[in-house]
Amino acid sequence: MRRLTIALLLPLALAGCSGRSYVMLAEGGGAGVALGDDEPPVMLTTPGQGMVIGGARTFTVSELRRQLDFDKALAARPALPERHLIYLGADGTLAAHSEAAVQRVLEAVHRRDYPVVTVIGHTDTLGQEAANVRVGLRRAQAIADLLSARGLETMELRVESHGERNLLVATPDATAEPRNRRVEVLIR
C-alpha cells in the first residue's frame, strides 16, 4: 500500500511543479551537482534528474518535458570555443603537420555566424622575456596573415603574444622546447 501511495503522490507533486522553474542535470553532467544549503546537500547525479528551484527533492524529467523546456535554449547556445595549435619551423615556415591545422581553423571559422578569432604567439624560455614577447608576436602575426591570405573571414581578429608565459611544456628558464614554440588560434 505504501508503494502505491508514493507512486500516486509523485505524479501529483510533479504536476503541481510544472509551472515552477527547475534545474536538470544534462547529459555529460559529470559526477553530479550539489544543490542548496542543506546538510547534506541535495545531489543531482543522473542525467535527466531535476529539482524545483527552492525545493528539496529530486525527480526524473521525462523526455517530452526535456524537449519542451530545454531544446530551444540548447539550440540557441553558442558553439563552444575551439583551440588549434600551429607550429612553425626554425625558419618561420609552417611545420609539415601544421598545414592540416590551418585548414581546420579555416573550416571551424566558416561554421560560425560571427566568429571572433584570437591568434596568440608563444615561445620557449630561451632568450630574454621581452625579446620572447616580440618573437611570439611575430609568429602570431605571420599566422594571422597566412589565414587572411587563405580567405579567413571574421567579425574580429586579434593578434597577441604571450611570449614565454603559458608554456605548453613546463621547463626551467633558458630551455629549448620546440612544443612551446607555437601559435594558438582560439575561435569563439
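The values are calculated or read from the model by the stated rules, or taken from the named source; none is laboratory data. For clarity, every value in this text was computed on a predicted model and none was experimentally measured. With ideal geometry, Cβ positions are generated from the backbone for all residues, glycine too; neighbour counts draw on all protein chains shown.
Counting only residues that are part of a loop (DSSP other than H, G, I, E, B) and within 12 Å of residue 123 (Cβ to Cβ), segment 175-188 holds 4 of them. Of all residues in segment 161-187, those satisfying the criterion of being buried (at least 16 other Cβ atoms within 10 Å of the Cβ) and more than 16 Å from residue 87 (Cα to Cα) are 171, 187.
Residue by residue, here is whether (1) surrounded by 15 or more Cβ atoms within 10 Å (Cβ to Cβ); (2) assigned to a loop (DSSP other than H, G, I, E, B) holds:
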position: 99; (1), (2): no, no
position: 102; (1), (2): yes, no
position: 108; (1), (2): yes, no
position: 113; (1), (2): no, yes
position: 120; (1), (2): yes, no
position: 142; (1), (2): yes, no
position: 148; (1), (2): no, no
position: 151; (1), (2): no, yes
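Could you say whether any residue in segment 170-181 is touching a strand residue (DSSP E or B) at 6+ places or on another chain (Cβ under 7 Å) and among the aliphatic types (A, V, I, L, M)? No: zero hits. Could you list all residues from segment 61-78 that are more than 30 Å from residue 114 (Cα to Cα) and surrounded by fewer than 15 Cβ atoms within 10 Å (Cβ to Cβ)? Within segment 61-78, 62, 63, 64 qualify.
Among the residues of segment 49-78, the one identified as farther than 28 Å from residue 37 by Cβ, at pLDDT below 85 and among the hydrophobic types (A, V, I, L, M, F, W, C) is 74.
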